[in-house]
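These notes concern the structure reproduced below.
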Amino acid sequence: MASISAEKSSAIQDIFSRKKAVIGVIHCDAFPGSPKYRGKSVSDIIDRALRDADNYLSGGVHGLIVENHGDIPFAKPEDIGPETAAFMAVITEKIRQRFGAPLGINVLANAAIPAIATALAGGADFVRVNQWANAYIANEGFIEGAAAKALRYRNQLRADHIRVFADSHVKHGSHAIVADRSIQELTRDVDFFEADAVIATGQRTGDSATLSEIDEIRAATELPLLVGSGVTPANVCQILGRTQGVIVASTMKVDGVWWNDVELARVKHFMSVAQAALEEA
């Protein structure tokens, strides 16, 4: 495979000290200012995030992503207030202090600059950015790639140690605007714009990328590849056989529903099933 960008060390190995990783997602409750916020105290929001982090890590996952998933419907990056990054930075720092696990940040929707600020303030290791290159029509409307502005901002903060995990052909939207470019070309664009890892997704939260799409993305880049939705005990070994990691949430929640609490027994079961594929690495 011809090189697309300068050779990098593996972000998975550097951050998680292993070849393959399972990453749990902290779906934070709605923050003050968002439509679903109903007056819950900030301390209670933090406590729930800490409980979920404890169950994930006690069950054996290797790291976490902190995400403002309670803020549905998500705003475009330019409409997200500074309070979101402030709340997320506090939560991230408290998780880091208590558990010391590798951490990532995803500020929805596609708010790469707030995510980098949050990661630096909270001591996180990476950010997830859903649309890094090109553009698509998301639930929020027209979303442009964030790479150019985000990397300049990261450099201004002297925060180059914060890695970027970027989606290819991201869920929750239409890619008709780039329909003349194959998934492989879209993946190469993400690589060319200096992402550190690539994420494959299905059509929506809880929906897995197909094995054929995973293989198509894998063929396009040498960057670490993860699957970022729809991973379950039934498919995790197949997926980890093709990738360097999985990002999980719904399957580890009570009743398998993303807005419920993380259930320790479900985490342990998932990790016991995944162990064989992890050990092969």
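Since every read-out is calculated from the coordinates, none of them should be taken as a lab result. Source: prediction; values computed, not measured. Positions of Cβ are backbone-derived with ideal geometry, glycine not excepted, and every protein chain shown enters the neighbour counts.
So, counting K/R as plus one and D/E as minus one, what does the shell of residues with Cβ under 15 Å around Ile4 add up to?
Value of the local net charge: -3.
Can you give me the distance in nm between label points at Leu50 and Tyr153, each placed 7 Å from the Cα along the Cα-to-Cβ direction?
2.9
Mean Kyte-Doolittle of at least -0.5 and a Cα length of 18 Å or more along the axis: which whole DSSP H helices of the chain meet both?
Those that clear 18 Å and a mean of -0.5 are 42-58, 82-99, 264-280.
Please give the length that would be gained between Glu279 and Asp160 if that part of the chain were fully extended, namely 0.36 nm times their separation in residues minus their C-alpha to C-alpha distance (nm, one decimal).
Gain in length upon complete extension: 39.8 nm.
If you take the square roots of the eigenvalues of the alpha-carbon gyration tensor of the chain and sort them as a ≥ b ≥ c, do you get rounded (a/c under 1.5), prolate (a/b over b/c) or oblate?
Verdict is rounded for the chain.
Among Ser168, Ser208, Ser17, which one moves the most in a GNM of the chain with springs linking Cα atoms closer than 10 Å?
It is Ser17.
Within the chain, what percent of beta bridges assigned by DSSP are antiparallel, to the nearest 5?
Once the DSSP bridges in the chain are tallied, antiparallel ones form about 20 percent.
With a/c under 1.5 counting as rounded, go ahead and sort the stretch 38-109 into rounded, prolate or oblate using the C-alpha gyration tensor (a ≥ b ≥ c being the square roots of the eigenvalues; past the cut-off, prolate if a/b is larger than b/c, else oblate).
Prolate shape, in that a/c is at least 1.5 and a/b is the bigger ratio.
Please identify every one of the trypsin sites (Lys or Arg not before Pro) in the stretch 186-281 that sits in a loop by DSSP and has no more than 13 other beta carbons within 10 Å of its own beta carbon.
The qualifying sites are Arg204.
Loop-only chymotrypsin sites (Phe, Trp or Tyr not before Pro) in the stretch 18-113, please: DSSP not H, G, I, E or B, and at most 11 other Cβ atoms within 10 Å.
Here no loop site has a sparse enough neighbourhood.
If you only keep lysine pairs separated by 8 or more in sequence, or across chains, how many in the chain come under 17 Å at the Cα atoms?
6
Which residue, Gln13, Gln156, Gln184, tops the fluctuation ranking in a GNM of the chain built on C-alpha contacts under 10 Å?
Gln156
How far apart, in nm, are the 7 Å Cα→Cβ label points at Ser5 and Ala86?
Between Ser5 and Ala86, the label points sit 3.2 nm apart.
Using Cα springs under 10 Å in a Gaussian network model of the chain, which residue among Ser250, Ser58, Ser43 shows the largest mean-square fluctuation?
Ser43
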